[in-house]
Each structure stands twice: as structure tokens, then as C-alpha cells.
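Bear in mind these aren't lab numbers, they're just calculated from the coordinates by the rules spelled out. Keep in mind the model is a prediction, meaning the values are calculated, not measured. Cβ coordinates were reconstructed from backbone atoms using ideal geometry, including for glycine residues, and neighbour counts include every protein chain displayed.
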Amino acid sequence: MPIAESDISILIPTYRYREKVGRAVDAALASGAGEIIVTDDRSGDGTIELLAGYDDPRLRVYENARNLGLWENHLAALGYATKPWIKFIQADDYLLPGGLSHYAAAADAAVSVVWSNPLVIEDATGATRQNHKVTQPWRLDGEAYLDLAIRSCWVLGSPSQVLVRADALPRDPAAWITEISADVVFGAIAASRGDVVLLPTGGVVHTEHAGQDSNTQGTLRGLRRLVATVRYLRDRPEPAVRRFGTLWAAALRRTTWRTALSGILRSDMGPAEALGLALRAERCGLGSLADPRDRRRIREGRAFRRHDRQPHDIDAILTRAGIAPARSAAE
């Protein structure tokens, strides 16, 4: 049975996005969400004053006592949530009209993650695109999703793109540090705790601009995050998550070494640091080749990334994997 929109907490962590956060809040308030929580990471840009002008009892705005950092601010927002489902909206993204109901109709007690193919808008030009091709709803168990990610790509994307069951999210502060890819960490853990539903476009707009973290992190932070992510996943208690961490490290081997070399050439890091980080990632992938089926998955994933072209045809990837589409978004 689908969930109600009122069962959802919308969480909007923000930092110096005064010119964008109002749009995210307006779209959230237009939904039937049970609560909308904004955590401002000491922006000092007028965000708090802007949001003080809203008058809706569902909206609660908090300013952190100090600047926490990107993912730490997400965890702070999560700490205020009271509803059984969590919908992160990063402050430069926003829900489409009817977007929350799009997610809610696909969720039930056995589902831990619902993803909707985002409508991507380039801030500078207004151009729109989709990075994936998904024409119908799909539902697969969490381990099948993690297998899909190894053999193709991390479909779940950024936090704005997913609805997650609150009890499937990790609350360990080590999973939410700036020097980790927390979206991959919490996505993998949540996926291991239930079914994953993949939906066509209709939920959220993801805006792209030069100032967002993925465009400013640089090669050194990117490589540190990759290493920290796979090491954290390999240390988790869940067998499926540990296995995913090992295979993810192996599948991204080419990316790891390419990033290390790029960092050296750009003078972002010295050769010794680059080599040390790359070798740590290599060690995380040890054991990935013991099972012939895992070797095949890794080969498929490396081939996919080598010839990666967008939009990714998720329909075709899942069909080839023998997964049948869901009969309806709510199943």
C-alpha cells in the first residue's frame, strides 16, 4: 500500500544558497509533506532572514551553531526529522509539481529507496536533459540494485533524487563526513535494507552549475572520498554492503588511477600522496576476483564505464539482467 505524503519529512540542508533555497522551500510547501526542515550551515548570506518570512507550521528552520560541512549538515537535518520517510532536497534542486506524490505512490513497507530520474537543468543556459532513459517503473531487491551499480553505474545519484525509509538510513557520524561520498554510502546501506524502486522523470529537478560540490571538489578530494567510501563500506556489518564495497573498489580501479594521474599533472597532489591513495583503493578491492561471477561483473562494469555515454538506458540494462518491470509504481 502506498504511503501518504504526510509520512514524509522533506529535509533541505543549505549553505550560501539564498538565491536558490526559496525555490526549494516553495516547491516543498506546495506538496503534502508532513514537515519541511531547513538547516542552514552558518551561511551568513540572509538565508535565515529570507525564510523567516514564511508562515507555514510545517516549516522549521535551524541555523547550525557552527559551520559543519556538506554531509555533516545533511546529518544535522536528519536529526530533526520525525517522519518515517525522508526526502532530501539539496537547496539548489527542487520538487516538480506533484513530485512528492510521484515518490510516495511507489513506496511501501518493503521498499527502502525510491529513485526518480531527475530532470536536469543547466543554470547557465536553461538547457534541459535526462542522464538516464527510464520509461517505466522498476522494482528490484536491494542486492540486485547493488549488483546493477557494479555492472553499470550508480543510478541513485544525489540525495535530491531519492526518497528513503528513515529506518534504512545510517546515523553513524562517520558515514556523513565531508571527506566521503555520503550519497553512495547511505544509498548502498539503505538499498541493502529493502527493495529499490526506479521511476521515470516526474519527481525532482536537479540543477547543474559551476559552484556545486561535484564541480569544485578537485582531484585530491575526489580521490580521498573514493578511498574513504570503499573503506567505510568494507567495514560495515552488513555482508551485502561489505561485498559491494570490495567490488566497487575493483570496478572503479581505472577511475582511481586516472584521477591520481590527473591530480599529479594538475599539481593538486604530489606523486607520493597520489600513489598512496591509489594503493589504498587497490587494497580495498582485494578478494573481488575470487568468484568467477564477480570477475564477470567487474569486467562488465569497467567496459560500461570505458564506453560510458549518456543517457544511460536503464530500461535496457535491467531487461538484459532479466529483471521484469513493475506492474505499477506502487508495487
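Between 243, 129, 224, the residue with the greatest mean-square fluctuation in the GNM of the chain (Cα pairs under 10 Å linked by springs) is 129. For the residues 127, 175, 303, a GNM of the chain with alpha-carbon springs under 10 Å puts the largest fluctuation on 127. Rg over Rh for the chain works out to 0.95, both radii taken from alpha-carbon positions and Rh defined as the Kirkwood radius.
For residue 59, the residues 5 or more places off, or on other chains, whose built amide H falls under 5 Å of its own are 36.
Computed from backbone phi, the HN-Hα couplings of the stretch 94-101 come to 6, 5, 6, x, x, x, 5, 5 Hz, rounded to whole numbers (Karplus: 6.51 cos²θ - 1.76 cosθ + 1.60, θ = phi - 60°; Gly and Pro given as x).
Which percent of Cα-Cα pairs in the stretch 1-114 sits in each 10 Å bin, short to long? Binned Cα distances yield the sequence 15, 49, 29, 7, 0. Relative to one another, the C-alpha centroids of the stretch 111-157 and the stretch 72-94 are positioned 19 Å apart.
Note on residue 283 and residue 235: the model spin-label points, each 7 Å out from Cα along the C-beta direction, lie 1.2 nm apart. Ellipticity at 222 nm from helices only: DSSP H runs of n ≥ 4 in the chain, each -39500 (n - 2.57), divided by the residue count, give -12500 deg cm²/dmol.
For the stretch 40-83, the C-alpha radius of gyration sits at 1.20 times the compact-globule guess of 2.2 N^0.38 Å, with N the residue count.
Calculate the tail of P(r) for the stretch 75-226: the fraction of all Cα-Cα distances greater than 19 Å, expressed in %. More than 19 Å apart: 54 percent of the Cα pairs in the stretch 75-226. Enclosing the Cα atoms of the stretch 95-179 in their convex hull gives a volume equal to 150 cubic angstrom per residue.
The distance between label points at residue 303 and residue 52 comes to 6.1 nm (points 7 Å beyond Cα on the Cα→Cβ vector).
Contact order, relative form, for the chain: 20 percent (alpha carbon pairs under 8 Å, 6 or more residues apart, mean separation divided by residue count). Taking the square roots of 5 times each eigenvalue of the Cα gyration tensor of the stretch 152-260, largest first, gives ellipsoid semi-axes of 21, 20, 13 Å. Residue by residue, the stretch 42-47 carries 3J(HN,Hα) couplings of 6, 5, x, 10, x, 4 Hz when phi is fed to the Karplus relation 6.51 cos²θ - 1.76 cosθ + 1.60 (θ = phi - 60°); x denotes Gly or Pro.
Here each label is just a point 7 Å from Cα along the line to Cβ, and for residue 310 and residue 124 those points are 1.4 nm apart.
Under a 10 Å cutoff between Cα atoms, tell me which one of 222, 211, 301 has the largest fluctuation in the Gaussian network model of the chain. The residue with the greatest mean-square fluctuation here is 211.
Partners of residue 133 within straight-line reach, counting lysines whose Cα lies under 28 Å from its Cα and excluding those fewer than 8 residues away in the same chain: 20, 87.
Coupling constants for the stretch 50-60 follow from the phi torsions by the Karplus curve (6.51 cos²θ - 1.76 cosθ + 1.60, θ = phi - 60°), and in residue order they are 4, 6, 5, x, 7, 10, 9, x, 6, 8, 10 Hz; glycine and proline get x.
The H on the amide N of residue 132, modeled in the peptide plane, is under 5 Å from the matching H of 312, each at least 5 residues off or on a different chain. Direction-averaged projected area, Cα convex hull, the stretch 217-288: 4.3 nm², rounded to one decimal. Dipole magnitude for the chain: computed about the Cα centre from +1 point charges on Lys and Arg Cβ and -1 point charges on Asp and Glu Cβ, it is near 1660 debye. Once you have the Cα-Cα distance between residue 273 and residue 319, take 0.36 nm times their residue separation minus that, and quote the gain in nm to one decimal. Full extension from residue 273 to residue 319 adds 12.4 nm.
Residues whose amide H comes within less than 5 Å of that of residue 85, counting only those at least five positions distant or on another chain, are 9, 166 (H built at 1.01 Å from N in the peptide plane).
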